[in-house]
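Structure provided below as structure tokens; questions to follow.
Read-outs throughout are calculated quantities, based only on the coordinates presented, and are distinct from any laboratory measurement. Being a predicted model, the structure only gives us computed values, none of them experimental. Here the Cβ positions follow ideal geometry from the backbone for every residue, glycine too, while neighbour counts run over all protein chains shown.
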Amino acid sequence: MSNLVVVTFEDEVTAFEMRAELAKMQKEYLIEMEDAVVVTKDDKGKTKLHQATNLTAAGAVGGSFWGMLIGLVFLNPLIGMAAGAGAGAISGALADIGINDKTMKEMADSFNPGCSALFVLVKKSTGDKVLERLAPFAGKGKVFQTSLTKDNEDALREVLENA
């Protein structure tokens, strides 16, 4: 079962930095994430989701390939590639994997302008090593919401909220 962890920050940069550190940890097999999304709220109060994976672009690339391949069969690869790219981009834009976008936007309504949050869906982690690597973020973030056990949530709060 996956756990949702939401950490808020008083600026827009720190959430991106923490996501980058978590991505490094994932490459080192210390954590396995299903999704990691940075949500920013600008000074005017506009919310923006910064997905780790651009599904629209991935869909367009995949669609282009398959469209070109089908186009080659019917002797018109350019039209096939264009149609495939369009179809792939549309399917990528409509896909929502991981954390529900609507849920993130609803939570972001309660954030102050100029703030950011990191939404992480964690499958597995080596807790002590992950917390050790998050130590540089001490005093920079606040745990907004988690589905962790009380002990794990308390350990995360201790690392992040104590400077």
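If R0 is 22 Å, what FRET efficiency do you get for Glu158 and Thr126 from their C-beta distance, rounded to 0.05?
E(calc), rounded to 0.05, equals 0.80.
A further question follows. Which entries of Lys41/Lys123; Lys24/Lys105; Lys123/Lys150 show an alpha-carbon separation above 24 angstrom in the structure shown?
Lys41/Lys123; Lys24/Lys105
Once phi is turned into ³J(HN,Hα) by the Karplus curve 6.51 cos²θ - 1.76 cosθ + 1.60 with θ = phi - 60°, what whole-Hz value does each residue of region 29-36 show in order, with x for glycine and proline?
6, 8, 8, 10, 10, 7, 7, 8
What's the Kirkwood radius of region 92-163 in Å, using all Cα pairs?
With all distinct Cα pairs of region 92-163 included, I get 14.0 Å.
Now a separate question. Once both labels are modelled 7 Å past Cα along the beta-carbon direction, what's the Lys46-Tyr29 spacing in nm?
4.4 nm
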